[in-house]
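Please read the structure below before turning to the comments.
The values are calculated or read from the model by the stated rules, or taken from the named source; none is laboratory data. Since the model is a prediction, treat every value here as computed from it, not as a measurement. Please note: Cβ atoms are built from the backbone with ideal geometry, for glycine as well, and neighbour counts cover all protein chains shown. Areas reflect the complete protein model, heavy atoms only, side chains present, ligands, DNA and RNA absent. Shrake-Rupley method; radii C 1.70, N 1.55, O 1.52, S 1.80 Å.
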Amino acid sequence: MSQEKVIVLDFGGQYNQLIARRVRECNIYCEVHPYQTPVDKIREMSPKGIIFTGGPNSAYLDESPVCSKEIFELGIPILGICYGSQVMAHLLGGSVKTAPTSEYGKTEVTVDAESKLFDGVHPNTICWMSHTDYIEKAPDGFHITGRTPVCPVAAMECPQRGLYATQFHPEVMHTAEGQKMLSNFVYKICGCTGDWKMDSFVEKTIQEIREKVGDGKVLCALSGGVDSSVAAVILAKAVGKQLTCVFVDHGLLRKNEGDEVEAVFGPEGPYNLNFIRVNAQERFYKKLAGIEEPETKRKVIGEEFIRVFEEEAKKIGAVDYLVQGTIYPDVIESGLGKSATIKSHHNVGGLPDYVDFKEIVEPLRLLFKDEVRQAGRELGIPEHLVSRQPFPGPGLGIRIIGEVTAEKVKIVQDADAIYREEIANAGLDKVISQYFAALTNMRSVGVMGDGRTYDYAVALRAVTTTDFMTAECAEIPFEVLQRVMNRVVNEVKGVNRVVYDLTSKPPGTIELE
Ligand code: XMP
């Protein structure tokens, strides 16, 4: 019996794999294909439905990516999202223009409850908008099923032809009933029955790694964060002692973190791993001296990491594979697909052109953070490790704006330790997805005792998110923020001011660099 499948046509937006993953959550197999995929090939795949993704272009420009118009004649239901909705409108004779008012962020959309897409959805529902163009006029035969005060066609459909479109993004968590809409599309419009259960990702991956690696030697870049820890334990299960984990203390870790990682994964820990700790603080500080530009910092840190691994690999001898805990948002935000580059995540875009390993193995490359945590639980990794907040590969290097120095690292480590302690004391550590202190490059005048100070401002950041692709500022009670501020200015030398970053993502990012 053939398996039901929905395909996502990728027009270069940020959320392409996320759409596929949301469809998989509905128990329907889903994969992403490029927008240029020939219509004949799509017909051969016989999908039950097709989803057009968003993208950064303007559908009415000649050079913009569009698919063949024949796709609308296949008789397969199509859902166009954001740019995908504009492609549908443009190709079918509607009008797409630059919107007089762009819409970004949470927006109340009035939807037509009669539409199958919005079955069971509240008539005024919160949706995530992110667009500068809009559909000014729907194509003939379509009717409008969603509106906002500034967007005349926030959703449209032609049910007779199975064509549906939303200007907003149902796939992101900030669209309150987005999962319901996607589920309506695949079940009520495409007629899927939900015949796919997520294979045990872990088992499949372990098997694939065994086949790939054979009896080769493997080196794993272990940072102690959730991603690399899960990657290391998967590898350990797959190839046992053929694996050596190298933990580089680059001097950009949180306070005491080096020792904590060693306690869990080192010789005294429960995993019986070959574990090497490399203390490379000075080496990294030297490389980073005088560098202020964020992308350059990321690349320098990424490259130095690889060099350290290569050296360790040479000491071990005949190492073929390098394992990294890269996850999907790292890949997409580094711009390796067709999406715009946001920043070079250190595991991906930060890699030097030449890497002295036969191959890099990234078993988590297609997973999102919460899927990685789920995989970690399946592997029996303790909950406190699995649910810990993420920490970026370049570490405090991207939480210190401007040049990194040992003195600044100490300031941000101390401030961050206080912040984390107070967040935990307030019982907020389980409800905030990621929180940390960063060091702004700003110094300002203050007064302490009877003396003038001219010191740094620490920025506190805290966000809630599930997928880390979009995020909102966490609402921390004022008295908690005040307690942190008091402790930081009193206990951390070199700081006389504390600010709280209120920005969501977009337009900000979670890290400051
Ligand atoms: P941004 O700042 O891009 O962060 O909104 C999204 C998530 O990714 C983490 N992050 C990184 N993780 N290497 C990593 O392994 C990196 O270079 C990197 N940069 C950001 C960030 O902490 C957040 O969880």
What's the carbon and sulfur percent of region 117-224's accessible surface, probe 1.4 angstrom, rounded to a whole number? 52 percent
Nearest-0.05 FRET efficiency for Glu292 and Leu366 at R0 = 56 Å, using Cβ-Cβ distance, is 0.95
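Hey, what does the equivalent ellipsoid look like for region 1-119, semi-axes from the Cα gyration tensor as sqrt of 5 times each eigenvalue, largest first, whole Å?
They are 23, 19, 14 Å, listed from largest to smallest.
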Computed over the Cα atoms of region 355-513, the Rg and Dmax in Å are 17.6, 62
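What helices does the chain hold that run 15 Å or longer along their axis, going by alpha-carbon atoms, with a Kyte-Doolittle average of 0.5 or more, using DSSP H for the helix calls?
On the way: long enough: 201-213 (18 Å, -0.52); 226-239 (20 Å, 1.66); 294-316 (33 Å, -0.83); 406-425 (28 Å, -0.45); 478-491 (19 Å, -0.09).
Passing helices, by number: 226-239.
Can you tell me how the chain classifies by the Cα gyration tensor, rounded, prolate or oblate, using a/c under 1.5 as the rounded cut?
Details: a/c = 2.10, a/b = 1.40, b/c = 1.50.
Oblate shape, in that a/c is at least 1.5 and b/c is the bigger or equal ratio.
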How fast does region 242-338 diffuse by Stokes-Einstein, in µm²/s, taking the Kirkwood radius from C-alpha pairs at 20 °C and 1.002 mPa s? 141 µm²/s
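Extension gain Glu491-Tyr454, at 0.36 nm per residue separation less the Cα-Cα distance, in nm? Write out the running numbers ahead of the final one.
Values: separation 37, 0.36 × 37 = 13.32 nm, distance 1.60 nm.
Difference between extended and current length: 11.7 nm.
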For a paramagnetic label modelled at 7 Å from the Cα of Leu74 toward its Cβ, which residues of region 1-42 fall within the zone defined by backbone nitrogen distances under 14 Å? 5-11, 30-42
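Going through the cross-link list Lys5/Lys137; Lys255/Lys286; Lys204/Lys505; Lys241/Lys299; Lys297/Lys408, which pairs have a Cα-Cα distance over 22 Å in this structure?
Values: Lys5/Lys137 32 Å; Lys255/Lys286 20 Å; Lys204/Lys505 34 Å; Lys241/Lys299 31 Å; Lys297/Lys408 15 Å.
Check vs 22 Å cut-off fails for Lys5/Lys137; Lys204/Lys505; Lys241/Lys299.
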Normalised radius of gyration for region 452-495, please: alpha carbon Rg relative to 2.2 N^0.38 Å, two decimal places. 1.48
If you place +1 on the Cβ of every Lys and Arg and -1 on the Cβ of every Asp and Glu, how big does the dipole about the Cα centre of region 74-204 come out, in debye to the nearest 20? 80 debye
Just going by the charge dipole of the chain, with Lys and Arg at +1 and Asp and Glu at -1 on Cβ, which of Val278, Gln374, Ala232 is farthest out on the positive end? Val278
Taking 0.36 nm per residue of separation and subtracting the Cα-Cα distance, what length does fully extending Lys430 through Glu31 add? 140.4 nm
Glu208 and Arg388 label points (each 7 Å along its Cα→Cβ direction) are spaced in nm at 2.6 nm
Convert each backbone phi in region 430-446 into a coupling constant with the Karplus relation 6.51 cos²θ - 1.76 cosθ + 1.60 (shift: θ = phi - 60°), then list the ³J(HN,Hα) values in order as whole Hz, x for Gly and Pro. 8, 9, 9, 6, 8, 8, 6, 9, 10, 9, 6, 8, 9, 10, 9, 8, x
Suppose every Lys and Arg Cβ carries +1 and every Asp and Glu Cβ carries -1, with no other charges. What dipole size does region 368-513 come out with about its Cα centre, to the nearest 20 debye? 240 debye
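Where Lys and Arg each count +1 and Asp and Glu each count -1, what net charge lies around Pro77 among other residues with Cβ under 11 Å from its Cβ?
Around Pro77, the surrounding residues sum to +3.
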Looking at Ile28, Ile144, Asn57, which one has the Cα that reaches farthest to the positive end of the dipole of region 24-154 (charges on Cβ: Lys, Arg +1; Asp, Glu -1)? Ile28
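Sorted by mean Cβ packing within 10 Å, highest first, what order do the peptides 402-408, 386-392, 301-307 take?
Working: 402-408: 15.9, 386-392: 18.0, 301-307: 20.7.
Ranking, from highest mean packing down: 301-307, 386-392, 402-408.
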Under a straight-distance cross-link criterion of Cα-Cα below 12 Å, which aspartates and glutamates are reachable from Lys116, leaving out those fewer than 8 residues away in the same chain? Glu157
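Which length gain, in nm to one decimal place, applies between Val39 and Ser444 when the Cα-Cα distance is subtracted from 0.36 nm times their residue separation? Mind dumping the intermediate values first?
Values: separation 405, 0.36 × 405 = 145.80 nm, distance 6.09 nm.
Between Val39 and Ser444, full extension yields an extra 139.7 nm.
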Which Cα, out of Tyr454, Thr440, Gln17, lies furthest along the positive dipole direction of the chain (beta carbon charges, K/R +1, D/E -1)? Tyr454
Cys473-Ile316 FRET efficiency (beta carbon distance; Förster radius 30 Å; 0.05 resolution): 0.10
What's the ranking of 483-491, 40-48 by average number of surrounding C-beta atoms within 10 Å, highest first? 483-491, 40-48
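Which of Lys315/Lys369; Lys212/Lys314; Lys41/Lys180 have a Cα-Cα distance over 23 Å? It would help to have the intermediate numbers written out before the result.
Details: Lys315/Lys369 33 Å; Lys212/Lys314 21 Å; Lys41/Lys180 29 Å.
In this structure, Lys315/Lys369; Lys41/Lys180 exceed 23 Å between Cα atoms.
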Residues of region 477-495 with amide N under 18 Å of a point placed 7 Å along Cα→Cβ from Thr405: 492-495
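Could you tell me the calculated FRET efficiency between Asp62 and Asn279, based on Cβ-Cβ distance and R0 = 51 angstrom, to the nearest 0.05?
On the way: r = 56 Å, r/R0 = 1.10.
Here the calculated transfer efficiency is 0.35.
What's the ranking of 497-507, 219-229, 173-183 by average number of surrounding C-beta atoms within 10 Å, highest first?
Numbers: 497-507: 15.6, 219-229: 25.2, 173-183: 20.8.
Per-residue Cβ counts within 10 Å, averaged per peptide and sorted highest first, yield 219-229, 173-183, 497-507.
Could you tell me whether region 52-145 comes out rounded, prolate or oblate from its Cα gyration tensor? Rule is a ≥ b ≥ c as square roots of the eigenvalues, rounded for a/c under 1.5, then prolate if a/b exceeds b/c, otherwise oblate. Could you put the intermediate results ahead of the total?
Details: a/c = 1.89, a/b = 1.20, b/c = 1.58.
Judged from the Cα gyration tensor, region 52-145 comes out oblate (a/c at least 1.5, b/c at or above a/b).
Please work out whether region 423-513 counts as rounded, prolate or oblate from its C-alpha gyration tensor, where a ≥ b ≥ c are the square roots of the eigenvalues and a/c under 1.5 means rounded, while otherwise a/b larger than b/c means prolate and anything else oblate?
On the way: a/c = 3.06, a/b = 1.68, b/c = 1.82.
Note, shape of region 423-513 comes out oblate.
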Let me know the charge dipole size of the chain about its Cα centre in debye, to the nearest 20, where only the beta-carbon of Lys, Arg (+1) and Asp, Glu (-1) is charged. 240 debye
With -39,500 (n - 2.57) per DSSP H segment of 4 or more residues and division by the full residue count of the chain, the 222 nm estimate, nearest 500 deg cm²/dmol, is -9000 deg cm²/dmol
